[in-house]
Every structure is written in C-alpha cells, then in structure tokens.
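The block underneath contains the structure these notes are about, expressed in structure tokens.
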Amino acid sequence: MKSKEYIIEFTKLRKGENEFVFNIDDKFFEAFEGEHPLHADAKVKMILLKTEHMHDLSFEMEGSVTLTCDVCLDEFVMPLEGEFHLIMKNSEVENYSDDEIIYITPNLLEYDLSQYLYESVLISLPIKKVCSLGTKECNSEVLKKLEELNNKTTDNDTEGNDPRWNDLKGIFNN
C-alpha cells in the first residue's frame, strides 16, 4: 500500500534545504508484513538538501514504541531515538543496492520513503527486547516460574545421565 504521506515529489522541491516531518504510528506499520512493534508513536524529522546532482537526506527520529519483553512476555514502552542519513545521486541507471547511497535517474518524479523509514525504525530496535530498556522491570512472578522450571530441568538432567558416557568424557581430557 502506497501512502502519499511518505512520498518525496522531486518536482516540488526547491534548491537548498527542504524540511519534512513523518509520523511513525500503528497505521504506518499496518502496511508492512512481518514482526513489528505492538504500538508506535514517533516523529521523524527530515532535512533534505537539494543540489543540482544529488539529494542529501538527514533524519532525526524521536518517540516511543511498545514491545513485548523476550524474558517475561509483558509489554513495555521503550524510547525510540535515532539519526540516519541517505544520499540520492543522479545517475544514468537506478541502483538501490547500497544502504546509504542510492542512484536515481533525473527523470524520476517521486520516491516513496516508507520502506526506508520502516527499515530504519526496525534497525534502531534492540535485538534482545527486555523490560529494563523501558521504564519498568520484568514481571517478578514470571521470573520466579522460569527459575523453578530451570531448576527442575537441571535436576532432571543430572538424574538421567548414563554412566557409560562418563568413560568417554575422559578420552578428550588427556
């Protein structure tokens, strides 16, 4: 789904500095498949510097996202901040393979930034999402249950050892 809200129309840009503000919210994420935050409320301010042969885009993102904790599965709100940069250079052939520089043809009338913004938000999220990244601590009841399950698993592992394997363990320690 293409939204006009995230499209840069090159014909409407003036030389020099152009400023845009994009909303990153739940509606924004609905257009994309895959895993994404449960809730988002952020703004991305973009300064586009237009010159004769290129467009220099600087982004500043600020807001918050609601994520699910990987440890206790509670929801938590995490601040979302980031700065990123993109350069669009005029070229004979379009090329989108580089992460920081894309090559566009001079006859391109518009460019949809939604995919770039989506990926930039996801990259700014941590790999391991835990409550302590936000404003709260993990659910203590869930942590206790996990500890109990871990202890039971450890006890069962030591009871089920086959003594025949102990002789083999010594082979590699010599």
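Key figures
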read-out	value
Longest exposed-site-free window of the chain, the sites being GluC sites (Glu not before Pro) in a DSSP loop that have at most 10 other C-beta atoms within 10 Å	101-174
Principal-axis tilt of helix 114-124 within the chain, Cα atoms, nearest 10 degrees	40 degrees
Entries of 128/152; 15/45; 27/128; 12/89 with Cα pairs more than 21 Å apart	128/152; 27/128
Sum of -39500 (n - 2.57) over DSSP H runs of 4+, divided by residues of the chain (222 nm, nearest 500)	-7500 deg cm²/dmol
Distant-in-sequence amide H partners of residue 101 (H built 1.01 Å from N, under 5 Å)	87
Cβ-placed point charges (K, R +1; D, E -1), dipole of the chain about Cα centre in debye, nearest 20	220 debye
Label assignment, Rg and Dmax of the Cα atoms in Å derived from the structure, set (i) 37.7, 112; (ii) 24.7, 79; (iii) 27.9, 90	(ii)
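None of the figures in this text is laboratory data; all of them are computed from the coordinates on show. Values in this document were obtained by computation on a predicted structure and should not be read as measured data. So basically every Cβ, Gly included, is an ideal-geometry build from the backbone, and we count neighbours across all protein chains shown.
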